[in-house]
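Student: Please see the structure below; I have some questions.
Coordinate-derived values only; no laboratory data. It should be emphasised that the depicted structure is a prediction, and the values quoted were computed from it without experimental measurement. So basically every Cβ, Gly included, is an ideal-geometry build from the backbone, and we count neighbours across all protein chains shown.
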Amino acid sequence: MSLPKARLGLMFDAEPEAAALLAASTRLGAPCVAVNAGPGVAHSEAMSFQLMMGDQVETDFFWNTIIGAAGSAGRCNWCKDPWGVFWRITPRTLSEAMAAGGADAPSRRCRA
């Protein structure tokens, strides 16, 4: 799977044959750092990416890129890539509409 404006940067290994402990990268032009907590810590939905896209065409492109690379679709704009990382991909206008109306507006909309 390849995303635009993605680049792997610095990787730090404690031992030459061990898995990387730290990896710096760029995803969609944004700097990211991943830390390997070791085999005793499982990956979960607690770490995910949210992408707010400019329009529906962009939203569909990223959604289809992840799903097309053996990912899986979820509910409410969530999907999971082949490595188990969760992504929420939404048009920016949807996020802005959900935030409109005050801090409690999203919870009011969910209860409606």
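Student: Quick one: net charge around THR59, please, counting Lys, Arg +1 and Asp, Glu -1 for every other residue with C-beta under 13 Å from its C-beta. Walk me through the numbers on the way to the answer.
Tutor: On the way: positive: ARG88, ARG92; negative: ASP55, GLU58, ASP60.
Local net charge: -1.
Student: Here is a further query. Karplus couplings for the stretch 38-47 from phi (6.51 cos²θ - 1.76 cosθ + 1.60, θ = phi - 60°), rounded to Hz, Gly and Pro as x?
Tutor: So the Karplus estimates, Gly and Pro as x, are x, x, x, 10, 7, 6, 8, 5, 4, 10 Hz.
Student: Excluding ARG75 itself, what net charge comes from residues whose Cβ is under 13 Å from its Cβ, given Lys and Arg +1 and Asp and Glu -1?
Tutor: +1
Student: Quick one: which residues, 5+ away or cross-chain, put their amide H under 5 Å from the amide H of LEU51? H built at 1.01 Å from N.
Tutor: ARG88, ILE89, THR90
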